1. Consider segment 67-102. How many of its residues are in a strand (DSSP E or B) and either aliphatic (A, V, I, L, M) or more than 22 Å from the chain's Cα centre (by Cα) (or both)?
2. From the list V164, V168, V81, exactly one residue is surrounded by fewer than 20 Cβ atoms within 10 Å (Cβ to Cβ) and either out of contact with any strand residue (DSSP E or B) (no Cβ under 7 Å at 6 or more places or on another chain) or within 18 Å of A12 (Cα to Cα) (or both). Which is it?
3. Consider G57 carefully, then state whether it is in the same structural domain as Q227 (by TED's automatic domain parsing) and small (G, A, S).
4. What pairs come out if I take residues in segment 34-53 that are within 17 Å of A68 (Cα to Cα) and assigned by TED's automatic domain parsing to the domain that holds I251 and pair them with residues that are hydrophobic (A, V, I, L, M, F, W, C) and part of a loop (DSSP other than H, G, I, E, B) whose C-beta lies under 8 Å away, six or more apart or interchain?
5. Residues of segment 41-66 being part of a loop (DSSP other than H, G, I, E, B) and under 17 Å from G5 (Cβ atoms), which ones?
6. Restricting segment 105-128 to residues that are buried (at least 17 other Cβ atoms within 10 Å of the Cβ) and over 20 Å from the mean Cα position of the chain (by Cα), which is farthest from Q84 (Cα to Cα)?
7. Is it true that some residue in segment 173-182 is touching an Asp or Glu at 6+ places or on another chain (Cβ under 7 Å), hydrophobic (A, V, I, L, M, F, W, C) and closer than 23 Å to F11 by Cβ?
8. Got a sec? Which of L207, L182, L172 is in a helix (DSSP H, G or I) and at pLDDT 95 or above?
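The values are calculated or read from the model by the stated rules, or taken from the named source; none is laboratory data. Note that this is a predicted model, so its numbers are computed, not measured. No Cβ is skipped: glycine too gets one built from the backbone with ideal geometry, and neighbour counts run over all protein chains shown.
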Amino acid sequence: MADAGQHRNRFADQVHGLLGRDPISPRELLNQARADLAQYHQVSVYEATVSALEPTGQGRFQATIDGAKVIADRVVLATGVRDQWPPIAGVDAHCGVDVHHCPACDGYKARGGTVVVLGAGEHVPAYAAELLDWAETVRIVTNPTDRAFDEAQRATLAEHGISVVEGVAQALIGLPGALEGLRLKDGTVVEAQKVFFSYSHHPTNDLALQLECELDDHGQIAVDGYQLTSVDGVYAAGDITPGMQLVSVAIAEGAVAGVACATSMRGHHTNEHAPSPAPPTRRFTMNR
């Protein structure tokens with residue numbers, strides 16, 4: 001396993017919605033996962049980045065991990081996505097505490113409070129509306145040059161009590177855990193206890209492109225019901241694949257990919273510590 005340490009939720013203070021572990025910090029969850037993995041002595045962990053991944057031409061793959069060459073019979077890609085964070089002063093100190101990007105994950109923290117939504121794109125009104133499930137007041141702060149939603153959408157927002165403030169967000173006001181508001185470039189202060197943002201996120205699909213895996217229109221890796229990609233022997237799981245982006249979903253997809261990957265190798269010798277190979281079974285294939 002190669003871990004580059006760039007986990008998407010590394011800035012969050014807590015993980016929610018994970019059955020039996022709600023809440024838990026991302027660091028604690030990762031440490032527990034590593035401890036669980038340590039009992040399997042066949043597993044090697046690299047704290048490193050995979051810079052290259054290519055087929056060998058013999059049904060196997062070669063990964064370059066910090067200069068070292070590693071050969072594998074199967075590959076599971078769990079490279080995730082990179083979020084575009086708002087370019088405002090103070091966001092680093094507040095991220096994961098008062099500033100969030102996932103209403104389904106952290107919307108409950110905004111219950112009864114005042115929320116400012118930052119974002120660009122026609123999806124922002126629907127994104128802001130999600131927060132009405134918890135927040136008392138929701139305001140959208142949008143750059144005047146962003147005309148992504150029209151007057152009809154603005155009217156619908158107004159019907160639901162969501163106001164639109166035009167201005168350039170400049171800085172957060174208050175201490176982490178005690179956010180007071182958002183200051184705009186013109187000096188206006190918009191009250192807020194929480195800030196949610198939605199600009200864009202970028203799939204980390206470099207390795208998938210090297211392997212020539214099929215991608216969807218959003219740059220995510222296309223998979224079948226067993227998380228198998230269009231390249232035989234290559235699986236993918238988590239936010240790098242289409243669908244709901246939640247920790248619980250990523251864990252479930254990883255479990256599916258792991259079982260499918262292992263099952264596809266039955267009948268093949270793996271290493272000297274492995275038990276005798278089971279009888280060959282069908283290989284999971286793309287259902288297209």
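1. Residues meeting the conditions: 11.
2. From the options V164, V168, V81, the qualifying one is V81.
3. yes
4. V43/M1; S44/M1; V45/M1; Y46/M1; A48/A4; T49/A4; V50/A4
5. S44, V45, E47, A48, T49, D66
6. Among residues in segment 105-128 that are buried (at least 17 other Cβ atoms within 10 Å of the Cβ) and over 20 Å from the mean Cα position of the chain (by Cα), the one farthest from Q84 (Cα to Cα) is G113.
7. yes
8. L207
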